[in-house]
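Novice: The structure's right below; bear with me while I get my questions together.
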Amino acid sequence: MTARSILSLLPIPLGLGASLYYYDQTSPARNATYTTVATPGHVDSFPMSLVNPQGFPTHQGTYSLRIPIRELTPNITDEEVLARFIQGFFSRWAMTPERWLLCAARKSWTDLSGLHLSPTESATKSEKPIWKLSSLNPNAWPLPLGTYIFGMFLLVDCSGVSEAERQRFASATRDFPRSRVVFAEFAGGSDRSNLAYTHRFEVRRQLAQDGEQEREASVDISFSSVVVDPLDGRPLPGPVAWFHVVYSKFLFADGIREVLRH
């Protein structure tokens with residue numbers, strides 16, 4: 001490759017970098033906080049017991065943002081906030097390349113042996129694939145447990161389903177008390193490979209307070225991610241961990257954009 005041809009390609013990465021920078025700077029989530037730990041209870045959840053049955057060390061990270069109630073659609077419920085966030089997370093710009101590839105493959109990539117403990121449980125897990133963005137309409141929330149989004153993201157637990165539905169999906173959920181927050185948790189990968197993870201989305205409403213600690217009513221939205229090597233317990237390689245943190249920020253921002261859309 002000649003020097004001239006190399007120079008002719010420079011505008012591509014420069015343009016992409018400039019676009020990403022602009023997208024980040026204009027993001028409604030640009031003031032989100034990031035911590036290197038999962039949200040409370042995430043690592044001990046039922047989905048995590050499926051992706052990390054041996055309890056290996058994990059790579060954790062959480063993006064969170066507090067949004068004043070006045071910026072949201074009037075009278076919106078926490079479950080509706082969650083449904084909107086999930087729609088934006090999976091359907092907007094950041095996930096587009098990954099979504100195109102997954103939908104083109106039309107294959108279920110996530111396989112968790114803990115959901116195949118018996119013929120009955122294998123049947124109740126029956127795949128409910130989503131390949132079209134229209135199926136992510138917030139009006140369809142909550143999705144049934146066992147729903148695969150784009151063949152990769154398996155809905156394993158959420159606050160919108162009953163305890164009976166949880167146990168029909170997997171009887172082992174009885175050993176994991178229901179969370180008191182509004183949430184949804186998706187699992188991906190396989191416990192028989194070197195990569196598995198869960199994404200947990202949470203919505204917590206903060207009520208207004210009077211007196212010395214006056215505070216405006218708001219909702220806290222969190223995207224907690226836990227990644228593990230279920231076979232060998234090896235840490236996530238540095239470049240992969242860095243990419244995961246950056247990619248997660250763009251996905252989180254897309255979810256927030258949808259929540260704020262009127």
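Here, each number is a calculation from the coordinates, and none is a lab measurement. Just so it is clear, the structure is predicted and the values come from calculations on it, not from any experiment. Cβ sites come from the backbone with ideal geometry, for glycine too, and all protein chains shown count toward neighbours.
Novice: Could you run the Karplus curve 6.51 cos²θ - 1.76 cosθ + 1.60 with θ = phi - 60° over the range 93-103 and give me ³J(HN,Hα) per residue in whole Hz, x for Gly and Pro?
Specialist: 4, 4, 8, 3, x, 5, 5, 4, 5, 5, 5
Novice: Using a 10 Å cut-off on Cβ atoms, rank the peptides 153-159, 219-225 from the highest mean neighbour count down.
Specialist: With the highest mean Cβ count within 10 Å placed first, the list reads 153-159, 219-225.
Novice: What order do you get for 174-180, 33-39 when each peptide is scored by the mean count of other beta carbon atoms within 10 Å, highest first?
Specialist: Packing order, densest peptide first, comes out as 33-39, 174-180.
Novice: Okay, next question. How many percent of Cα pairs in the range 31-260 exceed 23 Å?
Specialist: 47 percent
Novice: Now a separate question. Please give the net charge around residue 80, taking every other residue with its beta carbon less than 15 angstrom from that of residue 80, where Lys and Arg add +1 and Asp and Glu add -1.
Specialist: Summing Lys/Arg as +1 and Asp/Glu as -1 gives -1.
Novice: Expressed as a rounded percentage, what relative contact order does the range 158-201 have, with Cα pairs under 8 Å and six or more residues apart?
Specialist: Working: 38 pairs, mean separation 15.2, N = 44.
It rounds to 34 percent for the range 158-201.
Novice: Which ³J(HN,Hα) values in Hz, rounded to whole numbers, follow from the phi angles of the range 58-66 under the Karplus curve 6.51 cos²θ - 1.76 cosθ + 1.60, where θ = phi - 60° and Gly and Pro get x?
Specialist: 10, 9, 10, x, 9, 9, 9, 8, 9
Novice: Related question: Loop only per DSSP, at most 15 neighbouring Cβ atoms within 10 Å: give me the trypsin sites (Lys or Arg not before Pro) in the range 199-262, ordered by residue number.
Specialist: Those that pass, being in a loop and sparsely packed, are 261.
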